[in-house]
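Below: one structure, written as structure tokens.
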């Protein structure tokens with residue numbers, strides 16, 4: 001019995017680590033740049049396919065790919081914000097109008113990115129074996145790749161939190177999240193900060209994709225599912241709260257793992273039930289103000 | 001100015017155009033090939049979804065992404081009851097089922113504002129999708145269902161009927177006190193409540209009316225698809241398409257969403273058949289460009305162009 005509980009909990013944490021990383025990216029994009037990015041999952045997919053390509057074609061270690069995938073996806077996100085979303089933001093009459101227009105624009109982006117990926121990498125399900133060995137944790141067996149994934153997710157989450165809390169740039173980002181107009185008056189280059197945040201968010205999605213590709217098979221249509229999970233987690237933790245998303249990710253992972261243990265078919269249903277109850281009872285989320 | 005000549009002039013030309021269009025649409029199966037009839041039925045489906053979305057979301061500004069849920073409920077109604085009851089009754093029940101679901105959801109959620117409402121309604125679609133999937137696999141032991149086949153002309157005429165009833169409903173809602181109440185909710189909900197409007201009731205009922213038409217469209221379209229499963233029935237695409245089509249057309253006038261949906265769905269069909277490998281790419285680019293450069297949609301463009309025209313005339317005299 002102890003072993004099964006441990007089994008379920010650790011499996012939940014492993015799942016939760018990825019969820020947390022994905023959700024932090026989205027939280028940054030929505031919380032600061034005010035873009036509810038429906039194409040978030042597509043950046044995960046791009047990260048996963050880049051890693052797969054670098055590993056199978058060039059033989060680069062997936063973990064080393066971090067220094068390539070992270071910046072590449074960051075640049076894509078940064079440029080997208082500089083061109084598309086900055087334009088939308090300036091031409092929108094209110095922040096509400098910007099939110100709904102950018103949400104719809106990212107839906108268009110979803111189509112564009114997914115189609116480019118289909119042309120570049122095909123529609124087949126891909127995968128590779130890396131660190132595919134079992135590790136014994138108190139009687140329960142887990143893949144080493146999944147443990148590495150969890151470690152990386154936590155490390156990146158913490159590093160980013162420290163970046164936000166301790167650096168000058170982090171301060172500018174937090175100021176922009178609270179009140180963009182006033183932050184602009186205080187000398188923060190708003191367009192630059194928002195584009196950086198969107199880029200960081202995309203980059204986190206890319207890295208999450210890299211980690212996912214080590215554990216699960218990938219395909220070009222995988223994105224939307226992760227976008228939806230990210231949205232659930234972000235609402236769970238409170239829209240715009242980075243620590244909230246981090247904690248929310250682990251909570252959702254645990255819930256998923258527990259429900260899967262009793263009734264596998266209901267795991268996704270349980271996510272939505274929790275999500276909808278939370279929206280009704282406490283729409284600001286666990287850590288929201 | 002004599003008010004009767006004013007109104008008759010104002011209504012004569014659009015009225016004539018509508019009459020001609022209706023006659024052309026009603027006699028379509030007599031002169032057009034079968035393919036055109038099928039295509040027209042699916043274009044009408046998108047128009048029905050879009051216009052019913054606009055009935056609620058247009059004036060109030062609440063972005064509902066629940067369209068796919070109501071559409072899917074209609075589809076499943078047809079799948080379950082299709083063989084047992086006459087077609088029109090099945091379509092009616094599909095609409096009523098969506099109507100009831102919308103009453104329930106509306107009463108629960110309409111106090112959610114802005115982006116929260118959009119996310120919640122989207123969650124509803126996904127919840128229904130996975131709940132139905134789980135139910136089907138566990139209790140009926142299949143993933144999908146077959147729907148009774150109906151001939152294409154019947155589908156077309158039922159869809160046309162729904163379309164006409166919907167347009168009349170939408171027109172009268174816009175023109176009535178009810179529509180004014182909706183408009184004022186969209187502009188300032190608190191102020192609307194203070195002027196004596198029962199805000200919650202107006203919102204919930206409009207939401208349910210819009211869901212009714214989506215449900216009927218789903219019920220009749222299911223007979224066209226013959227096979228359905230939860231992934232087909234509760235496809236988030238049917239939540240986003242109406243929003244995009246409405247924005248593309250422009251929501252300022254009733255004809256905006258109609259034109260937007262007609263052009264967009266025709267475009268989708270052409271792209272799907274001509275460029276199956278680049279279809280999503282082209283579609284996505286059109287979407288992004290439309291959102292960037294046409295914030296008020298086609299209607300906005302037309303009005304701008306007309307105003308520009310008038311302005312010039314004034315400048316010359």
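Looking at residue B:222 and the list (1) surrounded by fewer than 21 Cβ atoms within 10 Å (Cβ to Cβ); (2) in contact with a strand residue (DSSP E or B) (Cβ under 9 Å, 6 or more places away or on another chain), which single condition is not satisfied?
So residue B:222 meets the others, but not (1).
When the range A:81-96 is examined, which residues are found to be surrounded by fewer than 16 Cβ atoms within 10 Å (Cβ to Cβ) and more than 8 Å from chain B (Cβ to nearest Cβ)?
A:83, A:90, A:93, A:94, A:95
Test of understanding: among B:293, B:231, B:266, which residue is under 21 Å from residue A:102 (Cβ atoms) and surrounded by fewer than 21 Cβ atoms within 10 Å (Cβ to Cβ)?
On inspection, the qualifying residue turns out to be B:293.
One line per residue, one yes/no per condition, for (1) in contact with a helix residue (DSSP H, G or I) (Cβ under 8 Å, 6 or more places away or on another chain); (2) touching a residue at least 60 places away in the same chain (Cβ under 8 Å); (3) within 14 Å of chain B (Cβ to nearest Cβ):
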{"residue": "A:227", "(1), (2), (3)": "yes, yes, yes"}
{"residue": "A:230", "(1), (2), (3)": "yes, yes, yes"}
{"residue": "A:235", "(1), (2), (3)": "yes, no, yes"}
{"residue": "A:238", "(1), (2), (3)": "yes, no, yes"}
{"residue": "A:246", "(1), (2), (3)": "yes, yes, no"}
{"residue": "A:251", "(1), (2), (3)": "yes, yes, no"}
{"residue": "A:256", "(1), (2), (3)": "yes, yes, yes"}
{"residue": "A:259", "(1), (2), (3)": "yes, no, yes"}
{"residue": "A:271", "(1), (2), (3)": "yes, no, yes"}
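Residue under question is residue A:73, and the condition is that it be more than 28 Å from residue B:65 (Cα to Cα) and in contact with a helix residue (DSSP H, G or I) (Cβ under 6 Å, 6 or more places away or on another chain); does it hold?
So residue A:73 fits the description; yes.
I'd like the residue in the range B:239-259 that is touching a helix residue (DSSP H, G or I) at 6+ places or on another chain (Cβ under 7 Å) and over 19 Å from residue A:102 (Cα atoms) and, out of all such residues, is surrounded by the fewest Cβ atoms within 10 Å (Cβ to Cβ).
This residue is B:252.
Here are some residues: A:129, A:117, A:123. Which one is within 11 Å of another protein chain (Cβ to nearest Cβ) and not in a helix (DSSP H, G or I)?
A:123
Of the numbered conditions (1) surrounded by fewer than 21 Cβ atoms within 10 Å (Cβ to Cβ); (2) away from chain B (no Cβ under 14 Å), residue A:242 satisfies every one except a single condition; which is it?
Only one criterion is unmet by residue A:242, namely (1).
One residue is enough: does the range A:56-63 have a residue meeting the conditions in contact with a strand residue (DSSP E or B) (Cβ under 9 Å, 6 or more places away or on another chain) and surrounded by fewer than 24 Cβ atoms within 10 Å (Cβ to Cβ)?
The answer is yes, given that some residue of the range A:56-63 is in contact with a strand residue (DSSP E or B) (Cβ under 9 Å, 6 or more places away or on another chain) and surrounded by fewer than 24 Cβ atoms within 10 Å (Cβ to Cβ).
Looking at B:125, B:147, B:105, B:91, which one is buried (at least 22 other Cβ atoms within 10 Å of the Cβ) and touching a strand residue (DSSP E or B) at 6+ places or on another chain (Cβ under 8 Å)?
Result of the check over B:125, B:147, B:105, B:91: B:147.
Yes/no matrix, rows are residues, columns are (1) surrounded by 24 or more Cβ atoms within 10 Å (Cβ to Cβ); (2) modelled with pLDDT of 85 or more; (3) within 27 Å of residue A:131 (Cα to Cα):
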| residue | (1), (2), (3) |
| --- | --- |
| A:158 | no, yes, yes |
| A:168 | no, yes, no |
| A:180 | no, no, no |
| A:198 | yes, yes, no |
| A:213 | yes, yes, yes |
| A:222 | no, yes, yes |
| A:226 | yes, yes, yes |
| A:233 | yes, yes, no |
| A:237 | yes, no, no |
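Yes or no, residue by residue, for (1) more than 16 Å from residue B:228 (Cα to Cα); (2) more than 14 Å from chain A (Cβ to nearest Cβ); (3) part of a loop (DSSP other than H, G, I, E, B):
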position: B:41; (1), (2), (3): yes, yes, no
position: B:48; (1), (2), (3): yes, yes, no
position: B:75; (1), (2), (3): no, yes, no
position: B:83; (1), (2), (3): no, yes, yes
position: B:94; (1), (2), (3): no, yes, no
position: B:97; (1), (2), (3): yes, yes, no
position: B:120; (1), (2), (3): yes, no, no
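Does residue B:155 fit the bill of being touching a residue at least 12 places away in the same chain (Cβ under 8 Å) and closer than 21 Å to residue B:75 by Cα?
yes
Of the numbered conditions (1) without any contact (Cβ under 8 Å) to a residue 60 or more places away in the chain; (2) outside any helix (DSSP H, G or I), residue B:64 satisfies every one except a single condition; which is it?
(1)
Within the range B:246-288, work out how many residues are over 21 Å from residue B:302 (Cβ atoms) and either touching a strand residue (DSSP E or B) at 6+ places or on another chain (Cβ under 7 Å) or within 14 Å of chain A (Cβ to nearest Cβ) (or both).
15
Does the range A:117-134 contain at least one residue that is surrounded by fewer than 16 Cβ atoms within 10 Å (Cβ to Cβ), modelled with pLDDT of 85 or more and under 30 Å from residue B:60 (Cα atoms)?
No, every residue in the range A:117-134 fails to be surrounded by fewer than 16 Cβ atoms within 10 Å (Cβ to Cβ), modelled with pLDDT of 85 or more and under 30 Å from residue B:60 (Cα atoms).
One residue is enough: does the range B:156-167 have a residue meeting the conditions in a loop (DSSP other than H, G, I, E, B) and away from chain A (no Cβ under 14 Å)?
Within the range B:156-167, none of the residues are in a loop (DSSP other than H, G, I, E, B) and away from chain A (no Cβ under 14 Å).
Sort through A:125, A:156 and tell me the only one that's in contact (Cβ under 8 Å) with a residue 40 or more places away in the chain, within 22 Å of the chain's Cα centre (by Cα) and more than 30 Å from residue A:6 (Cβ to Cβ).
When all the criteria are applied, what remains is A:125.
If you scan the range A:94-110, which residues turn out to be free of Cβ contacts under 8 Å to residues at least 12 places away in the same chain and in a helix (DSSP H, G or I)?
A:96, A:97, A:100, A:104, A:108
Would you list the helices (runs of 4 or more DSSP H) that sit entirely within the range A:24-93 and hold 2 or more residues that are within 27 Å of residue A:151 (Cβ to Cβ)?
Per the criteria, A:40-58, A:66-80.
Residue check: is residue B:170 free of Cβ contacts under 8 Å to residues at least 12 places away in the same chain, buried (at least 19 other Cβ atoms within 10 Å of the Cβ), within 21 Å of residue B:102 (Cβ to Cβ) and in contact with a helix residue (DSSP H, G or I) (Cβ under 6 Å, 6 or more places away or on another chain)?
No: the conditions fail for residue B:170.
For residue B:227, which of the numbered conditions (1) modelled with pLDDT of 85 or more; (2) in contact with a helix residue (DSSP H, G or I) (Cβ under 6 Å, 6 or more places away or on another chain) fails to hold?
Single failed check for residue B:227: (2).
The values are calculated or read from the model by the stated rules, or taken from the named source; none is laboratory data. None of the values given here were measured: they were computed from a predicted structure. Ideal geometry is used to build each Cβ from the backbone, glycine not excepted, and the neighbour counts take in all protein chains shown.
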